[in-house]
Structure formats: structure tokens, C-alpha cells
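Below is one structure, written out as C-alpha cells, with a few remarks after it.
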Amino acid sequence: MTQPQDAAARRAAPAVVCYPPETLAPPPMDLFRAARASAAKVAEVVVPPREARCWEAPAGTFFRITSIEGPQVGDLNLWNARNLDERFWSGKTRALHGTHVTTGERMWSTFPYMRPMATVVEDTLGWYGIDADGGSVHDVIGTRCDPYTHHALSGGDMYHHCCHSNLTRGMAEHLGVPLDEAEPHVHDVCNVFMCTGFTRDTGQYFMKASPVRPGDYLEFFAEIDILGGLSACPGGDCSATHSSDAAACYPMLVEVFEPAAGALDGWSSPPVNGYDRSHGA
């Protein structure tokens, strides 16, 4: 293919951020941190290796995801616990905050609700930043390892403990419904602790060894009533492979903390998006 004579000039066009987040109302981080100081643990769930578990975090509570025994990444789904049609939207979160999330950034929900579901309040891997390969931690770009892609690539139904299947089983167990009823609720994830990026030459999604160590955690403030699902990925620290039993895998811990009465005075859950839904008709 022949390049046009002005190819270099076209490539030199300046980049423009599509959705500048400066006009978004900032989360009240000082209030959240003050409330967190008074919070007591009210629930916990241990997610076994290569499995998923669900939990609930009411609006106004905090939930923390911790690596507890070894380097392990997790695939996170979030739903409105009162309306499963409203769920985490990785694409819009990525458009607003970037390919990876950290402290002060929010998890946004799907249309027509489109509001903050949860805010990241603490990230012990926030020091990692963006490395020389363009990699960073806690991505909202990957979809989740799944048996359908595995089948397309290998031609067989050989592995059933990938994150999509784990989350499907976990959701079915939590809701008390069949697998085929639970599966449509599973959606694109936040890859907690996973270190990922895009290759410079081909633009392909890559993974590398997560920097997570036991004791590292990612903590959220629940802006609405949350139903969460977390899969301890079969890739372990995702340094080499996933969708198999080859990698060393470890459990993960989810804890829910409730602030003292009055600690969040003046705060309320964000309303659903105010767009009138007329769509120009």
C-alpha cells in the first residue's frame, strides 16, 4: 500500500482527550477517608483459587480486595444489588479515566443509568504507574478469560475454570438460578492487580507478571448497593499463561467495612443519569 505524500503530517496531528474528566464532580475523598477511619468489618469472603465468589456491599460501605497468600490477580464484576440490569461498564470507565484505575477514580455503570457505582479509595499498587512497556495495574481493557475464546483458538472444550465460567458459577450459586440464567449477567471486568497494556508495534493486549504481593489491596467505597463477584484467575500472577491449571494460584480475600453512624452525614448515593432519554424523537 502506497503512503500519501502527507502521511507524516497526518500522523503528527495532535491527540485530543475525548472525555476530559475535569468537568465531572470529584468524589469527596476527605469525607470517605474520615468515614473509613471509623469503619468496622462486617463481612468477609475468601475466594478460592480458580473459583469465584459473590458478596454484597450496601451503599455507604467499603469493600477491600486483598492478595493474601501469593501473587494473584482477580476478575471483578459489579452489579446494582437491587437491579442487575445496572452493572459495571468497563468501556465508559476506560473512556473517562484511562486504561487502568487507581485512587480517586470511579467505576461507572451502564446506560441508561450511567453513574458512579464505586470509587477507588486506596490502592497499595498505586506506586507502579506506567512501566517502560506501557503496562500498568488494575486494567479496564481486558474482557476476562473465557471458554468461548479458548474453543475458538483450540477447537475444544478443555478448560472450565476460566474467569467467565468461574463468575457464571459464582453468580448462579449466589442467586440460586441455573447456569444459563446466570451467565448473561457476567460482563467485562476490572482486572484487579493484573499488569497489562498494548504492544507498541502491533497494538495487541499483553500481560506480564503482576507486582502484587500478599498484603496488597485495592479498596472501594460503595456508591450504591453493590453485588460483587470476584474470580481468582487461573493465570495466577499472569506472568505466562491463563485458561489452564499450569500457573500457581492463590486465594483472595474480600472484606466489607461499615462506617460508624453519622460518619457520612451529608452524603447520598448518586442518582441515575439525568439524561431525559428522548434521543431527539
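The values are calculated or read from the model by the stated rules, or taken from the named source; none is laboratory data. Since this is a predicted model, take the numbers as computed values, not measurements. Note that each Cβ is placed from the backbone with ideal geometry, even for glycine, and that neighbours are counted across all protein chains shown. Only protein heavy atoms, including side chains, enter the accessible area calculation; ligands, DNA and RNA are left aside. Shrake-Rupley method; radii C 1.70, N 1.55, O 1.52, S 1.80 Å.
Key figures for this structure:
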| item | result |
| --- | --- |
| The lone exception for THR99 - which of (1) farther than 13 Å from GLY142 by Cα; (2) touching an Asp or Glu at 6+ places or on another chain (Cβ under 7 Å) it fails | (1) |
| Output for region 198-247, where each listed residue is in contact (Cβ under 8 Å) with a residue 24 or more places away in the chain and on the phi > 0 side of the Ramachandran plot | GLY215, GLY236, CYS238, SER243 |
| Condition broken by VAL121, with the remaining ones in (1) within 14 Å of GLU223 (Cβ to Cβ); (2) β-branched (Val, Ile, Thr); (3) buried (at least 22 other Cβ atoms within 10 Å of the Cβ) satisfied | (3) |
| Subset of region 249-269 (residues that are assigned to a loop (DSSP other than H, G, I, E, B) and in contact with an Asp or Glu (Cβ under 8 Å, 6 or more places away or on another chain)) | TYR250, PRO251, SER269 |
| Every residue from region 127-157 that is closer than 14 Å to PHE220 by Cβ and either touching a residue at least 60 places away in the same chain (Cβ under 8 Å) or out of contact with any Cys (no Cβ under 9 Å at 6 or more places or on another chain) (or both) | HIS138 |
| One residue from ALA15, ALA52, ALA25 being modelled with pLDDT under 95 and either within 27 Å of THR196 (Cα to Cα) or touching a His at 6+ places or on another chain (Cβ under 6 Å) (or both) | ALA15 |
| Hey, SER243 of a type in the set (Ser, Thr, Tyr), surrounded by 16 or more Cβ atoms within 10 Å (Cβ to Cβ) and in contact with a strand residue (DSSP E or B) (Cβ under 9 Å, 6 or more places away or on another chain) or not | no |
| Subset of region 193-228 [open to solvent by less than 10 Å² (accessible area, probe 1.4 Å) and assigned to a strand (DSSP E or B)] | PHE193, CYS195, THR196, GLY197, LEU218, GLU219, PHE220, PHE221, ALA222, ILE226, LEU227, GLY228 |
